[in-house]
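Any read-out appearing in this document is the output of simple, stated calculations on the displayed coordinates, not a laboratory observation. Small disclaimer: the values here were computed from a predicted structure and weren't measured. Neighbour counts are summed over all protein chains in view; Cβ atoms, including those assigned to glycine, are modelled from backbone coordinates with ideal geometry.
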Amino acid sequence: MTVHRVPIATCRGTFVACFSERGLVRLNWPTDKPVPKRTLTTGHGVGLAKVRRWRQLTDQALRRALAGRAPSRLPPLDLSAGTAFQRRVWRLLRRIPLGQTWSYAQVAAALGAPAAARAVGQACGANPIPVLVPCHRVRRSDGSLGGFSGGLAWKRWLLAQEARAGR
DNA sequence: CCCTAGCGGTGCT
DNA sequence: AGCACCGCTAGGG
């Protein structure tokens, strides 16, 4: 399966979006390492025009999300790599309204698996599309932040943006 | 703040 | 099948 890797420049650094033939399959955090060259391979399933369209949608959606506002439109998300449980968690995360946070236990309960809070945390950590699949809106039952694969500074910042924009 | 027991999903062997 | 991970939780110092 060919994957197209495309840099997405934002006010907080350059993310790298990866597109499968089904849509956005992964969003990588900005790193200090040099941004890899765009890899757009022709002739294998994915039309370049489609990827360009998805790139544009991702760019706009990410811009809005980083401003703490709801993206108007998302590219198709390819979450097929996850397990059944992970996909259920990720689907539920997308229904947490912007500006709200749920606890890992609340997410687990909403899935009908009230004892699986820890597994929910693990699934959040495996979220391949951070920010757009808002795993940052989940924290511990005691109100503390809990973990974040992108680093707690990002989690704090994203929640602050959403709180600010919501006022 | 710390510690502990208990929990479910996942990936490795 | 077993086992050691984990973005957790409730309970207790």
Please order A:E162, A:E21 by the number of other Cβ within 10 Å, starting at the fewest. A:E21, A:E162
Under 5 Å from the placed amide H of A:R139, counting only residues 5+ away or on other chains, we find A:W102, A:S103, A:Y104
Compute the signed sum of charges (Lys and Arg +1, Asp and Glu -1) over the other residues within less than 13 Å, Cβ to Cβ, of A:L145. +4
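Quote the FRET efficiency, to the nearest 0.05, computed for A:A84 versus A:M1 with a Förster distance R0 of 30 Å and r equal to the Cβ-Cβ distance.
Approximately 0.90, to the nearest 0.05.
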Using the 4.7 Å Cβ rule, please list in number order the cysteines from chain A without any candidate partner. A:C11, A:C18
